[in-house]
């Protein structure tokens, strides 16, 4: 799976769970994602996914998560969090993610190819 922001394209490895499969079934999606807390982009999905949330403790740069049942979150910094998420996947090489996502809203295209 892929996430494209502007001219940058990031490969994503999906988790092996029901939520990730349901997310993949929605693709392709073009989403305008506002910034939250200076460490993540988030957006409400067009429909709820089957959530199975757990508390990861440490969020990592490149984590693709589901908050609640219908909010997609892309994290671009590593930090400790008390919140619970359902893991959807992980960006394979997130080194440039913080620079590409940066502050403010971005338009991200999620696709299978």
Exercise. Determine which single condition residue 48 fails, assuming it passes every other condition in (1) farther than 21 Å from residue 101 by Cβ; (2) surrounded by 12 or more Cβ atoms within 10 Å (Cβ to Cβ); (3) in contact with a strand residue (DSSP E or B) (Cβ under 7 Å, 6 or more places away or on another chain).
Key: (3)
Exercise. Answer with yes or no whether residue 5 is buried (at least 18 other Cβ atoms within 10 Å of the Cβ) and more than 12 Å from the chain's Cα centre (by Cα).
Key: yes
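Yes/no per residue for (1) on the phi < 0 side of the Ramachandran plot; (2) assigned to a strand (DSSP E or B); (3) at pLDDT 95 or above; (4) out of contact with any helix residue (DSSP H, G or I) (no Cβ under 9 Å at 6 or more places or on another chain):
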position	(1), (2), (3), (4)
64	yes, yes, yes, no
74	yes, yes, yes, no
86	yes, yes, yes, no
93	yes, no, yes, yes
103	yes, no, no, yes
113	yes, no, no, yes
Exercise. Could you list, in sequence order, all residues of the range 1-10 that are assigned to a strand (DSSP E or B) and within 10 Å of residue 110 (Cα to Cα)?
Key: 2, 3, 4, 5, 9, 10
Quiz prompt | Every residue from the range 11-41 that is more than 13 Å from residue 110 (Cα to Cα) and surrounded by 15 or more Cβ atoms within 10 Å (Cβ to Cβ) | solution = 15, 17, 19, 22, 35, 39, 40, 41
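If I ask for residues that are in contact with a helix residue (DSSP H, G or I) (Cβ under 9 Å, 6 or more places away or on another chain) and either assigned to a loop (DSSP other than H, G, I, E, B) or at pLDDT below 95 (or both), which ones from the range 16-47 would you list? Write out each step before concluding.
Filtering the range 16-47 down to residues in contact with a helix residue (DSSP H, G or I) (Cβ under 9 Å, 6 or more places away or on another chain) leaves 29, 33, 35, 39-41, 45, 47.
Result: 39, 45, 47.
The values are calculated or read from the model by the stated rules, or taken from the named source; none is laboratory data. Keep in mind the model is a prediction, meaning the values are calculated, not measured. So basically every Cβ, Gly included, is an ideal-geometry build from the backbone, and we count neighbours across all protein chains shown.
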